[in-house]
1. The conditions are (1) open to solvent by 50 Å² or more (accessible area, probe 1.4 Å); (2) without any contact (Cβ under 8 Å) to a residue 40 or more places away in the chain; (3) closer than 23 Å to Arg162 by Cβ; (4) not in a helix (DSSP H, G or I), and Gly76 fails exactly one of them. Which is it?
2. Can you tell me which residues in segment 298-323 are assigned to a loop (DSSP other than H, G, I, E, B) and open to solvent by 30 Å² or more (accessible area, probe 1.4 Å)?
3. Being touching a strand residue (DSSP E or B) at 6+ places or on another chain (Cβ under 7 Å) and open to solvent by 50 Å² or more (accessible area, probe 1.4 Å) is the filter; apply it to segment 324-354 and report the residue that is farthest from Gln304 (Cα to Cα).
4. Show me the helices (runs of 4 or more DSSP H) entirely contained within segment 204-286 in which 3 or more residues are buried (at least 16 other Cβ atoms within 10 Å of the Cβ) and touching a helix residue (DSSP H, G or I) at 6+ places or on another chain (Cβ under 8 Å).
5. Name the residue, out of Leu109, Leu105, Leu136, that is in contact (Cβ under 8 Å) with a residue 40 or more places away in the chain, assigned to a loop (DSSP other than H, G, I, E, B) and open to solvent by less than 50 Å² (accessible area, probe 1.4 Å).
6. Could you check segment 1-51 and list, in sequence order, the residues that are open to solvent by 40 Å² or more (accessible area, probe 1.4 Å) and part of a helix (DSSP H, G or I)?
7. So if I check each of Ser325, Ser297, which one is free of Cβ contacts under 8 Å to residues at least 60 places away in the same chain and touching a helix residue (DSSP H, G or I) at 6+ places or on another chain (Cβ under 6 Å)?
8. Between residues in segment 180-205 that are free of Cβ contacts under 8 Å to residues at least 24 places away in the same chain and residues that are surrounded by fewer than 18 Cβ atoms within 10 Å (Cβ to Cβ) and not in a helix (DSSP H, G or I), which pairs lie under 8 Å by C-beta distance while being six or more apart or on different chains?
Amino acid sequence: MNKKKIINDPVYGFITIPSELVFDLISHRYFQRLRYIKQLAMTHIVYPGALNTRFHHALGAMHLMSLALEVLKSKGHQISAEEEEAATIAILLHDIGHGPFSHALEHTLAQGIKHEDISLLMMDKLNEEFGGRLTLAIQIFRGKYHRKFFCQLISGQVDLDRMDYLNRDSFFTGVSEGVISFDRIIKMFNIVDDQLVVEEKGIYSVEKFLIARRLMYWQVYLHKTVIAGEQLLVKILERAKELAHQGVKLFATPALQHFLQNDISEESFFKEEIHLQQFSKLDDQDIYASVKVWEDSEDFVLSQLCKMLNARKLYKVEITNEAPSAERLAHLKTETAKFLGIGSENIHYFVFTDSITNRAYNAESSNINILMKNGTLSDIAKASDLSNLESLDRTVKKHILCYLRGI
């Protein structure tokens, strides 16, 4: 069978699958599951085109890795065929551990279990299945390989993961503020002391990349209506889990049922095979099918929440710099309890607070070094003449208040 395939991607055009091993990994059921998990979770309720999947994103990031490695090789850096394949596999599989509506899932069904750790667990399982051929890819993904630039291409402040999702998400949402000069940045990549740097000529493209990331967070990922949809889904899954614990029989696929009925700690998830088996069968369809059925649940709270989501009658969301006052919160709870005819024990499903954060650049975790024309390195925040760039290197925290419309 010919495994040298090309895939027609709407963002980049033709993407080449570079080797038989990569083809076999893409064909694996762990990876194929990503076709049925949306990259942008509930964002389509605001931007109807935002239906791109994690499958799309992983292939796009793989394509950018191939472009980046070609650029680095053309600048005289030695990269072996084994390293090239390993880096390609590492970025291809970087999101393989995402569940449906990842952040909703991490808050409810798989509490405290990070998708990055599940990705590593899946990579380890694949490595067993493929006779150890993913060992170098896993070392690169973990940041354990001595040539650090490989890991920086996958997980850094100007990595190919972010580059693809900004490109792809702006394309599918139609939000032009997210458009970045990805090809220009990649062409300006270089390596100094085994660290990834960007040549000075690429400084303006990097500035645009950081600002685009900040704007996409406020305009897309943290849009208040997207937050309303995601918070509503969190509350639905929270209520379903609570009812399952009370012994209420709820419709759910076997995979979803497993997570509703069991409280799975981080330790047991990584120790007991059954949890990963069930997790690898979960996708958006499990959740959506259940929400449609639960709309007719005998439980008023679950039924009401599902009706709200299915009819797009979402929470009213207020985003503020200061936390809402206790008096306002108490008033909203009292009025909501009267309006719905429910007791105070269930009011937290309809009136609650939370917080969101946005940090476009984090120099503490790994900075973006600019290679100046004189051969010295300078952090982007210092090399840039944009006065507001340093302000991107701080966490902006905002408070959110969710409650029923019309209260």
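The values are calculated or read from the model by the stated rules, or taken from the named source; none is laboratory data. The structure displayed is predicted, hence computed values, not measured ones. Virtual Cβ from ideal backbone geometry, glycine too; neighbours counted across all protein chains shown. These accessible areas exclude ligands, DNA and RNA; they are computed on the full protein's heavy atoms, side chains included. Shrake-Rupley method; radii C 1.70, N 1.55, O 1.52, S 1.80 Å.
1. (3)
2. Applying the first criterion (assigned to a loop (DSSP other than H, G, I, E, B)) to segment 298-323 yields 298-299, 311-315, 321-323.
Glu298, Asp299, Ala311, Arg312, Lys313, Asn321, Glu322, Ala323 - these are the residues of segment 298-323 that are assigned to a loop (DSSP other than H, G, I, E, B) and open to solvent by 30 Å² or more (accessible area, probe 1.4 Å).
3. Step by step, filter segment 324-354, then rank; the result is Asp354.
4. Numbers: elements: 224-245, 254-261, 266-271, 273-279.
Filter on segment 204-286 gives 224-245, 254-261, 273-279.
5. Working: Leu105 fails: assigned to a loop (DSSP other than H, G, I, E, B); Leu136 fails: assigned to a loop (DSSP other than H, G, I, E, B).
Going through Leu109, Leu105, Leu136 in turn, just one is in contact (Cβ under 8 Å) with a residue 40 or more places away in the chain, assigned to a loop (DSSP other than H, G, I, E, B) and open to solvent by less than 50 Å² (accessible area, probe 1.4 Å): Leu109.
6. Passing the criteria: Glu20, Asp24, Ser27, Arg29, Gln32, Arg35, Tyr36, His44.
7. Values: Ser325 fails: touching a helix residue (DSSP H, G or I) at 6+ places or on another chain (Cβ under 6 Å).
Answer to the selection: Ser297.
8. Met188/Glu199
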